[in-house]
Amino acid sequence: MKIYFHLCLDEFSNSYLVVNDDPLVKEAIVIDPGKVSSQLVEQIESGGYKLSAVLITRNNEAVLGGLSTLMKIYSPQIYAADCEIESQRTVLIRGDGKLRIAGLDVDYFSIMGHSTDSMCFKIGNVLFTGDSLTAGVVGETSGTYFKRMLCSNIEKKIFSQNDELVVMPGHGPPTTVATERYYNIDITENKKYVNRG
């Protein structure tokens with residue numbers, strides 16, 4: 001498995017191309033297609049990959065900007081938790097589960113708090129968190145209640161993963177589960193509040 005990082009400068013959001021280099025498979029997955037660049041298409045085409053799927057961590061313009069372009073070029077299956085993204089090639093996913101895509105095991109789980117459709121995808125030793133978790137902070141929420149809910153869900157579902165798991169967020173640099181467990185300021189503040197109550 002290889003992962004290629006793509007930065008969409010319009011929204012400063014991250015997109016990822018995950019490829020399975022096994023000669024018997026040669027398939028790819030795009031996660032959060034913020035913008036489809038010629039470089040992304042070139043990586044798919046020059047590698048001889050079939051684009052099997054698009055994984056959506058949350059429904060917003062920064063994530064979906066390039067989806068319509070991808071769908072004009074390729075015929076991938078879309079996996080998302082928001083019915084507004086629904087098309088004839090969309091599989092709506094809810095809760096937690098497992099998929100087999102492009103010859104790779106993909107775990108998914110819902111992280112409520114940032115938005116109602118926030119999903120994380122784990123492929124191998126890499127976790128794609130969208131806007132739920134970024135290096136040092138959690139995603140924006142619409143209030144204190146939802147921030148506490150988000151922090152709680154991150155602790156239950158992400159911090160229960162192994163320490164070396166690499167976190168690839170929707171914005172900002174990569175991090176690890178261990179780094180976020182010990183140094184994420186929002187999680188630390190939430191623990192102080194919960195322990196007082």
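A short reminder: the numbers here are calculations on the coordinates, not readings from a lab. The structure displayed is predicted, hence computed values, not measured ones. So basically every Cβ, Gly included, is an ideal-geometry build from the backbone, and we count neighbours across all protein chains shown.
For Lys157, list the aspartates and glutamates whose Cα falls under 14 Å from its own Cα; do not include residues on the same chain fewer than 8 positions away.
Asp96, Asp107, Glu180
When N counts the residues of the chain, how does its alpha-carbon radius of gyration compare numerically with 2.2 N^0.38 Å, as a ratio?
Normalised by 2.2 N^0.38 Å, the Cα Rg of the chain equals 1.00.
Mind listing which trypsin sites (Lys or Arg not before Pro) in the stretch 89-134 are in a DSSP loop and have 10 or fewer other Cβ atoms within 10 Å?
Arg94
Hey, got the dipole for the chain? About the Cα centre, +1 on K and R Cβ, -1 on D and E Cβ, debye to the nearest 20?
460 debye
So, by mean Cβ neighbours within 10 angstrom, what's the order for 164-171, 147-154, 36-43 with the highest one leading?
147-154, 164-171, 36-43
Order these peptides, 125-132, 27-34, 16-23, by their mean beta-carbon neighbour count within 10 angstrom, highest first.
Those peptides, ordered most packed to least, come out 27-34, 125-132, 16-23.
Name the residue from Met119, Gln43, Leu17 whose Cα lies farthest towards the positive end of the charge dipole of the chain, charges +1 on Cβ of Lys and Arg and -1 on Cβ of Asp and Glu.
Checked the options; the winner is Met119.
Taking the Cβ-Cβ separation of Arg181 and Thr144 as r and a Förster radius of 25 Å, what is the calculated FRET efficiency to the nearest 0.05?
Plugging the Cβ-Cβ distance into 1/(1 + (r/R0)^6) gives 0.70.
From the helices alone, meaning DSSP H stretches of at least four residues, give me the mean residue ellipticity at 222 nm for the chain, per-run term -39500 (n - 2.57), in deg cm²/dmol to the nearest 500.
-6500 deg cm²/dmol
Among bridges DSSP assigns within the chain, what percent are antiparallel (round to 5)?
65 percent
What relative contact order, as a whole-number percentage, does the chain give when Cα pairs under 8 Å and 6 or more residues apart are counted?
About 15 percent, as a whole number.
Could you tell me the largest-minus-smallest coordinate of the C-alpha atoms of the stretch 84-147 on each of the three principal axes, in descending order and whole angstroms?
39, 30, 15
Between the stretch 163-184 and the stretch 17-32, how far is it from one alpha carbon centroid to the other, in angstrom?
Computed from Cα coordinates, the inter-centre distance equals 23 Å.
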